[in-house]
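The values are calculated or read from the model by the stated rules, or taken from the named source; none is laboratory data. Keep in mind that what you see is a predicted model, and the values were worked out from it rather than measured. Cβ coordinates were reconstructed from backbone atoms using ideal geometry, including for glycine residues, and neighbour counts include every protein chain displayed. For accessibility, only protein heavy atoms count, side chains too; no ligands or nucleic acids. Shrake-Rupley method; radii C 1.70, N 1.55, O 1.52, S 1.80 Å.
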Amino acid sequence: MLNTLVDQIQSMGNDFVVALPYLAIALVIIVITAIAAKFTVKIADGLIGKTDLRPSLRNLIETLVKLGTWILGLMIAAIVLFPDLTPSSLIAGLGIGAVAIGFAFQDIFENFLAGVLIMVREKMRIGDVIECEGIVGKVEHITLRETHIRKLSGEVTVVPNSILFKNPVEILTDKELRRHDVVIGVSYDTDLDEAAEVIRKAVVEIDEIDTDKGIDVFAQEFNSSSVDFLVRWWSGSTPRSGWESKDKVVRAIKRSLDNAGIEIPFPYITHTFKERVPLGTETGENA
């Protein structure tokens with residue numbers, strides 16, 4: 001029993017010594033692969049720099065080039081380390097292993113594939129302001145697994161790519177201009193045609209408004225204390241541009257309505273009493 005154990009240890013030691021040169025060559029190949037990966041990425045970056053590709057697509061190409069270089073280098077190192085291993089058997093083994101790994105890391109591969117598809121499609125570029133699943137912010141970085149979104153309040157939200165791929169994404173800055181709106185109420189005794197004209201002139205005079213795309217002033221509904229107008233205009237698509245234009249629109253409309261003597265009413269409350277209400281100073285006295 002002891003002799004058998006000693007023989008096995010000696011055999012393992014001899015095999016390790018024999019394998020040392022192959023191990024050294026494999027390590028050298030891995031080091032060369034690391035250097036080659038950096039050079040291939042630089043070459044790819046140089047070639048891509050001459051094109052008009054989107055930043056996200058450039059990141060995808062550079063990542064795939066680096067990944068392909070590493071896979072090729074590791075395959076060569078494995079064949080050197082295990083001489084009986086052939087490229088065909090290695091590829092077959094990788095196929096079986098990929099299936100097993102795919103089931104074990106399903107979420108990771110789902111995000112990986114979603115990241116590739118997000119980078120390939122034209123919409124949602126780096127720098128766009130988007131809204132998805134209650135998250136509103138600017139896209140700062142897209143990787144193969146996750147997307148970094150800088151919220152309007154300054155925080156960064158790391159969102160798995162599968163969420164952005166499977167759910168509707170509203171791109172607020174897809175175009176330079178976006179339509180904004182505000183509701184303005186006027187009193188019931190107001191001439192609505194006059195009020196609409198006053199509101200329209202007030203909005204037209206604002207520099208940030210694109211008057212070429214039109215300004216809408218619609219009498220929308222009869223509210224409890226006012227007749228409401230829906231005012232719509234076109235200005236910058238970023239959230240801040242929208243807020244700034246709305247601020248100037250509200251100020252301009254308020255100033256113009258005041259100058260025209262048109263009331264913007266606050267809610268009125270009417271009290272109805274079934275019995276006559278005494279108005280005198282003494283109890284039971286009527287005015």
Of the heavy-atom accessible surface of the range 133-287 (probe 1.4 angstrom), what whole percent is carbon and sulfur?
-> 49 percent
If amide H atoms are built 1.01 Å from N in the plane of the peptide, which residues on other chains or at least 5 residues away come under 5 Å of the amide H of Thr173?
-> Val129
Sorted by chain and number, the residues with a modelled amide H under 5 Å from that of Gly185, at a separation of 5 or more or across chains, are Phe229
Please give every one of the lysines within straight-line cross-link reach of Lys151, meaning a C-alpha to C-alpha distance under 20 Å, and leave out same-chain neighbours fewer than 8 residues apart.
-> Lys123, Lys138, Lys175
Would you please give the residues with an amide H less than 5 Å from that of Glu146, counting only those at least 5 places away or on a separate chain, with H modeled from the backbone geometry?
-> Asn161
With DSSP loop assignment and no more than 12 other C-beta atoms within 10 Å, the trypsin sites (Lys or Arg not before Pro) in the range 158-262 are Lys175
How much length is gained on full extension from Ala36 to Ala78, taking 0.36 nm per residue of separation minus their Cα-Cα distance?
-> 13.4 nm
